[in-house]
1. Per the Cauchy relation, a quarter of the hull surface: what is the mean projected area of the convex hull of the alpha carbons in segment 6-98, in nm²?
2. Kindly express, to the nearest 10 degrees and within the range 0 to 90, the angle between helix 6-25's C-alpha long axis and the longest C-alpha principal axis of the chain.
3. Based on the Cβ-Cβ distance from residue 32 to residue 273, what FRET efficiency comes out when R0 is 25 Å, to the nearest 0.05?
4. For residue 323 and residue 174, what does the FRET efficiency come to when R0 = 41 Å and r is the distance between their Cβ atoms, rounded to the nearest 0.05?
5. Please give the peptides 31-41, 73-83 ranked by average Cβ packing (other Cβ atoms within 10 Å per residue), highest first, as a rough proxy for protection.
6. By what distance, in whole Å, do the Cα atoms of segment 143-346 stretch along each of the three principal axes, largest value first?
7. Quick one: helix 294-303 against the long Cα principal axis of the chain, what's the angle to the nearest 10°, folded into 0 to 90?
8. With a 10 Å radius around each residue's Cβ, average the other Cβ atoms per peptide and rank 187-199, 112-124, 272-284, highest first.
Ligand SMILES: C[S@@+](CC[C@H](N)C(=O)[O-])C[C@H]1O[C@@H](n2cnc3c(N)ncnc32)[C@H](O)[C@@H]1O
């Protein structure tokens, strides 16, 4: 039986639907191709204008014919444009993918295609069927223990976090007044991208950057480049033991979403123990119920399940989690980016 659109209409819309579905199915190919472009730094190499594939092959050490095929495919999704004769240039999107472009996600792209990460994501079905963290099932340990044993991957991961942080840093620093605190402790602060920006904005604020020893070891360069090293103490350790004392605000960006509820409460309680009664706890996270980019947040939630064993949460879920750790959620500040600042105070 045919629909009112008639057989021709049916077949045209059927073809479009098949194409749309095919694009969804092909997402993995695009992701890996973009990863390789970032790893070869193609957008960086095209910063000064069009170049031939032969030149790009020479600069990257890649096979010229295969590189041509890669760039041709990426031109179809809008990163590069051919000016004929096997010469390519950055499009606006390609230019924004330079490592040094403002808000560039190139560092993130260099991480997402890493073989160990793909192996993990290949076990998404395992996580969906069992509820278990795929990383532990595939690699036999947590992502944090794995990274600590693989310094080259740790570096790529930390640079990825720095890249993602840099996308939202201006918005977070503009949206929330960190200037009212004497000392801000950034717990699980990575290499200090956000803390560095806060200290750079407010010359009266001191900082403590706290993360695993192998992570903070790589933080000094960024803090020095931001000109805030003199006001920032760098401390290595585990937030399951304790976090540094002496902060007026404890900042955790993209940390609690890495963990299931029980571990999240442990981390938050460690902050509570180190915090004065007038202190503030500041979570910087995406929110499932308010996301300006629901696709990103919903897929980030899957990534948390698969990679770290955590989850994205709604405002109410954060409120309950905070209450279980002895905090009242007192405000949720939108930043205009994909993340919110959730402000909490010790419960009385
Ligand atoms: C998703 S990253 C976020 C990094 C940074 N806050 C940002 O937004 O760019 C989570 C951070 O938690 C840190 N982390 C994981 N386990 C930790 C532990 N037991 N103690 C301290 N930090 C830890 C990781 O090293 C990593 O830097």
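1. On the way: hull surface 28.4 nm².
Average of the hull's projected areas for segment 6-98 equals 7.1 nm².
2. 50
3. Working: r = 44 Å, r/R0 = 1.76.
My answer for the efficiency is 0.05.
4. 0.90
5. For the peptides 31-41, 73-83, the packing ranking is 31-41, 73-83.
6. On the principal axes, segment 143-346 reaches 40, 39, 33 Å in Cα extent.
7. For 294-303 against the chain, the angle is about 80 degrees.
8. My ranking of the peptides, most packed first, is 187-199, 272-284, 112-124.
Every number in this text was worked out from the coordinates using simple rules, so none of it is lab data. What you see is a predicted model, and the numbers here were worked out from it, not measured in a lab. Using ideal geometry, Cβ is built from the backbone for each residue, glycine included, and neighbour counts are taken over all protein chains shown.
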